[in-house]
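**Q** Okay, here's the structure, questions in a sec.
Nothing in this text is a laboratory measurement; each read-out follows from the coordinates by a stated rule. These numbers come from a predicted model, not from an experiment. When we count neighbours, we look across all protein chains shown, and the Cβ atoms used for this are built from the backbone with ideal geometry, even at glycine.
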Amino acid sequence: MNHVVIGTLAFDSIETPFDRRERAVGGSATYFAHAASKFGPVGLVGVVGKDFPRAALADFEARGIDTAGVEHADGESFFWSCRYEADWNTRHTLETRLNVFAEFDPKIPDEYKGAEFVFLANAQPRIQMRALEQMTKPRLVVADTMNLWIENDLDDLRALLGRVDGLVLNDEEARMLSGEANLVRAAGRIVALGPKFVVLKKGEHGAFLLGENLRFALPAYPVEHVVDPTGAGDSFAGGFMGYLAHTGSLDPSSIRAAMLYGTVAASYCVEGFSIEELARHRRSSIDRRFDELRSFVTP
Ligand code: AMP
């Protein structure tokens, strides 16, 4: 297994301006793995409680997501709920119940340890580090984080930043982590903490990558009917890493293409609740939207 993700498998209760869903299958690693699996196999490391549907895990397997790294614990699965404002970009977390994730100590299966491409999806930085320490020859390690860990676990997060190649986070989190309001300067400060590049996600305004030798910005794919933005960031990361793991190339043109693939994966994610839409599309529709997005952004 050359591509591995560590993160949450969850139940999400979501309230949008138009609709709501209770206890839909979600989690940072779930979204990532679904997007990444469009490009090739991906190994999933996480923990579920007794309540997580076995049928969901069987469906993951059918899509090329290896679940050998999913631990089954006694207790309830991670639970998260949120409400979106009418502008879609403002999200209020209503509740986070770590449940079985609170005691999670990731054990990377032997067959995943040599993976070259590693994504540390949103989780406590201590858990992300524990997972990374077990990997024997990572070539590209990218991490996600969020305001909760920037506020509560900054020392652990800083230690992690010294060990990763890339960090993905949203604009508000980048400002919080760096203490800089200007996003270019914020990204520069974060790069100075360790990662070679930062991907800043700006919701419907797209994403930009700032690295040592590369700067690249993209608008979001113009989606006509947003249903639920949950998981867009993780799906972006899955498309980005999935493409790079598949090509095995880290040159600037591959990284630019990966930004387009990430943007496309995120656009499918937001067209449905949970992983419904993302799961429905194959690599061929991803490629069609990739071509469309490319034509939108080239003169
Ligand atoms: P995103 O919309 O890309 O930020 O990802 C949302 C997903 O992250 C949801 O499916 C949640 O279950 C999961 N999530 C929310 N909060 C956390 C957290 N504190 N740690 C790990 N995963 C989380």
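**Q** So what J values fall out for the stretch 215-224 if you push phi through Karplus, 6.51 cos²θ - 1.76 cosθ + 1.60 with θ = phi - 60°, rounded to Hz, Gly and Pro as x?
**A** After applying 6.51 cos²θ - 1.76 cosθ + 1.60, I find 10, 8, 10, 9, x, 6, 5, x, 8, 7 Hz.
**Q** Continuing with this model, one more query. Can you list residues whose amide H is under 5 Å from GLU71's amide H, if they're 5+ apart or on another chain and H is modeled 1.01 Å from N?
**A** For GLU71, whose amide H was placed from the backbone, the distant partners under 5 Å are GLY46, VAL47, VAL48.
**Q** Hey, rough spin-label estimate for ASP156 and LEU214, points 7 angstrom out along Cα→Cβ, what's it come to in nanometres?
**A** Calculated label separation equals 3.0 nm.
**Q** Given R₀ = 25 Å, FRET efficiency for ASP110-PHE296 by Cβ-Cβ distance, to 0.05?
**A** Between ASP110 and PHE296 the formula returns 0.05.
**Q** Within the chain, what is the number of lysine pairs with alpha carbons under 19 Å apart, leaving out pairs fewer than eight places apart on the same chain?
**A** 4
**Q** Which whole-Hz couplings ³J(HN,Hα) result when phi for each residue of the stretch 265-271 is put into the Karplus expression 6.51 cos²θ - 1.76 cosθ + 1.60, θ = phi - 60°, listed in order with x for Gly and Pro?
**A** Result, rounded to whole Hz: 4, 4, 5, 5, 4, 6, 7.
**Q** Around LYS38, under 10 Å between beta carbons, what's the net of Lys plus Arg minus Asp minus Glu among the other residues?
**A** Every neighbour counted, the sum reads +2.
**Q** Still on this structure, I have one more. Using θ = phi - 60° and the Karplus curve 6.51 cos²θ - 1.76 cosθ + 1.60, what whole-Hz ³J(HN,Hα) does each residue of the stretch 112-127 get, with Gly and Pro shown as x?
**A** Result, rounded to whole Hz: 9, 4, x, 4, 8, 10, 10, 10, 9, 5, 3, 6, 4, x, 5, 5.
**Q** Under a 5 Å amide H to amide H cut-off, with H placed in plane at 1.01 Å, what residues pair with VAL168 once short-range neighbours are removed?
**A** Amide H to amide H, under 5 Å and 5 or more residues apart or across chains, VAL168 pairs with ALA143, ASP144, THR145, VAL199.
**Q** Taking amide H positions as placed 1.01 Å from N in the peptide plane, with prolines and chain starts having none, which residues 5 or more places from GLY43, or on another chain, fall under 5 Å of its amide H?
**A** HIS3, VAL4, VAL5, ASP66
**Q** Right, here's the next one. Rounded to the nearest 500, what is the chain's calculated 222 nm mean residue ellipticity when only DSSP H runs of at least 4 contribute -39500 (n - 2.57) each, over all residues?
**A** Helices in the chain give a 222 nm mean residue ellipticity of -11000 deg cm²/dmol.
**Q** Continuing with the same structure: Could you tell me the distance between the Cα centroids of the stretch 209-281 and the stretch 90-164, to the nearest Å?
**A** Here the answer is 20 Å between Cα centres.
**Q** Oh, and also: For a label point 7 angstrom out from the Cα of ASN89 toward its Cβ, which stretches of the stretch 226-267 have the backbone nitrogen within less than 19 Å?
**A** Within reach of a label on ASN89, which here means backbone N under 19 Å from a point 7 Å along Cα→Cβ, the stretch 226-267 contributes 226-234, 236, 263-264, 266-267.
**Q** Each label point is 7 Å from the Cα along the Cα-to-Cβ direction; what then is the distance between the points at THR247 and ALA192, in nm?
**A** 3.2
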